[in-house]
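Data first, discussion second: the structure below is written as structure tokens.
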Amino acid sequence: MSNTTLTYYNQNAKAFSDSTLNVDMSALYAEFLPHVVQHGSILDAGCGSARDAAFFKAQGFTVSAFDASPELAELASSYLQQPVAVKTFQELNCVNQYDGIWCCASLLHVPKAELPQVFLNLQRALKPNGVLYVSFKYGDTERVHNGREFTDLTENSLTHLLSNTQLKAIKQWQSVDQRPERESEVWLNTLIKVVHVL
């Protein structure tokens, strides 16, 4: 995450957290959770407000969470009622630890050139039958918007980024933003699993 993007989240942490806490994510949970072993471990990576981590915790999953913004991580840990680490995707270095990793609207702040290595970090962190969920704004540009840097992807560009990993998209679909007055924004959602090469 760039310094400008991090500064944005640190300066607007409370407003950002408040604006996302009550967004209805049930349709996405319904796609992701059937692939996660019951009571398994889920990492909410780039957790923001910890809205999703709190939901997973309430469903009986063992939850871990991190965010690159210290201000957001502090708010998230209060909401989640457990520590939230301050960390970037580039610093993720665990192995074979999670049944599911949830990257909802978080990987989109990683520069495109750094995404292949980040996907390898995520691949290592997953257990053999684990599942990864990612979402990006739909498009094919790197851009700055409202003080934040974004990497937009399409189905093809995401598939290309995964080509040097053992990760394979098992489902891709588009959805519209659930926040009020953001319905014109289209998201690319993808469920990904590790393909084991014999």
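The values are calculated or read from the model by the stated rules, or taken from the named source; none is laboratory data. Since the model is a prediction, treat every value here as computed from it, not as a measurement. Here the Cβ positions follow ideal geometry from the backbone for every residue, glycine too, while neighbour counts run over all protein chains shown. When the accessible area is computed, the model is the full protein with side chains, heavy atoms only, and any ligands, DNA or RNA have been set aside. Shrake-Rupley method; radii C 1.70, N 1.55, O 1.52, S 1.80 Å.
Please pick out the residue among A65, A50 that is open to solvent by less than 20 Å² (accessible area, probe 1.4 Å), free of Cβ contacts under 8 Å to residues at least 24 places away in the same chain, more than 27 Å from N164 (Cβ to Cβ) and out of contact with any Gly (no Cβ under 7 Å at 6 or more places or on another chain). The conditions single out A65.
Scanning segment 149-171 for residues that are surrounded by 15 or more Cβ atoms within 10 Å (Cβ to Cβ) and of a type in the set (A, V, I, L, M) turns up L153, L158, L161, L162, L167, A169.
Residues that are closer than 19 Å to L122 by Cβ and of a type in the set (A, V, I, L, M, F, W, C) were ranked within segment 53-62; the one that is surrounded by the fewest Cβ atoms within 10 Å (Cβ to Cβ) is F61.
Given the structure, is S175 part of a strand (DSSP E or B), polar (S, T, N, Q) and either modelled with pLDDT under 95 or open to solvent by 30 Å² or more (accessible area, probe 1.4 Å) (or both)? Here the answer is yes, as S175 does meet what is asked.
Against the criterion of being over 16 Å from A50 (Cβ atoms), open to solvent by less than 10 Å² (accessible area, probe 1.4 Å), part of a strand (DSSP E or B) and not hydroxyl-bearing (S, T, Y), V118 does not qualify.
Within segment 70-102, can you find the residues that are outside any helix (DSSP H, G or I), open to solvent by less than 70 Å² (accessible area, probe 1.4 Å) and among the aliphatic types (A, V, I, L, M)? Steps first, please.
Step one: list which residues in segment 70-102 are outside any helix (DSSP H, G or I), which gives 81-88, 92-102.
Then drop every residue that is not open to solvent by less than 70 Å² (accessible area, probe 1.4 Å), which leaves 82, 84-85, 87-88, 92, 94, 98-102.
V84, A85, L92, I101 - these are the residues of segment 70-102 that are outside any helix (DSSP H, G or I), open to solvent by less than 70 Å² (accessible area, probe 1.4 Å) and among the aliphatic types (A, V, I, L, M).
Name the residues in segment 1-37 that are in a loop (DSSP other than H, G, I, E, B), surrounded by fewer than 13 Cβ atoms within 10 Å (Cβ to Cβ) and in contact (Cβ under 8 Å) with a residue 40 or more places away in the chain, would you? Spell out how you get there, then give the answer.
As a first pass, look at segment 1-37 and keep what is in a loop (DSSP other than H, G, I, E, B): 1-2, 12, 21-25, 36-37.
This time we only want the ones that are surrounded by fewer than 13 Cβ atoms within 10 Å (Cβ to Cβ), so: 22, 24.
Selection gives D24 alone.
Considering only residues that are open to solvent by 50 Å² or more (accessible area, probe 1.4 Å) and assigned to a strand (DSSP E or B), look in segment 130-148 and name the one that is modelled with the lowest pLDDT.
Of the residues in segment 130-148, the ones open to solvent by 50 Å² or more (accessible area, probe 1.4 Å) are 138, 140-146.
After this cut, where a residue has to be assigned to a strand (DSSP E or B) as well, the list is 138, 142-145.
Values: Y138: 96, E142: 96, R143: 95, V144: 93, H145: 89.
Per the stated criteria, the residue is H145.
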